[in-house]
């Protein structure tokens, strides 16, 4: 079902293309595709490394946030910041996330893309994330998203579900 991954709004794809072009000019990169999409960015590991290093602009985070089923409280928890700090970033308008936050945003974006491609609705995906999961040691998958190792466990379980393997 991963092939049926969700289509993203033109606004997100255009923002990513603009960001990558800007990053390419600023960092002397050579990007294979001049008009890269959101999916293209998430699939290109070297480009992701560059994007993490450069820092993700708030404007793109806001578009990613719209595609994800998470609340501001969830995002603040994932980023290990207070909701007040997140609100302050939003008020600033031109905030650039530091590398550690950018990396976490992209990790959550990958999980979201995978989950939206597997579950029928975003609501079903969010319900799964918030339900105790035997295969994940009786943790709720959402609680494991706070670190990279937990995220990998969640991704592994999503792939198992996609393959029809239920524990």
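Using only Cα atoms, find the angle between the long axis of helix 99-118 and the longest principal axis of the chain, and express it within 0 to 90 degrees, rounded to the nearest 10.
On a 0 to 90 degree scale, this one is about 50.
Quantify how much of the Cα-Cα distance distribution of the stretch 53-141 extends past 22 Å, in percent.
On the way: 1148 of 3916 pairs.
Counting pairs separated by more than 22 Å, the tail of P(r) holds 29 percent.
Starting from the eigenvalues of the Cα gyration tensor, five times each then square-rooted, give me the equivalent ellipsoid semi-axes of the stretch 17-103, largest first, whole Å.
Semi-axes (√(5λ), whole Å): 24, 13, 11.
Per residue of the chain, what 222 nm ellipticity follows from adding -39500 (n - 2.57) for every DSSP H run with n ≥ 4, rounded to the nearest 500? Write out the running numbers ahead of the final one.
Details: 10 runs with 109 residues, N = 167.
Helix contribution divided over all residues of the chain: -19500 deg cm²/dmol.
Could you compute Rg(Cα) / (2.2 N^0.38 Å) for the chain, with N its residue count?
Values: Rg = 16.0 Å, N = 167, 2.2 N^0.38 = 15.4 Å.
Rounded to two decimals, the normalised Rg is 1.04.
Laboratory data are not the source of any read-out in this text; all were calculated from the coordinates shown. Since this is a predicted model, take the numbers as computed values, not measurements.
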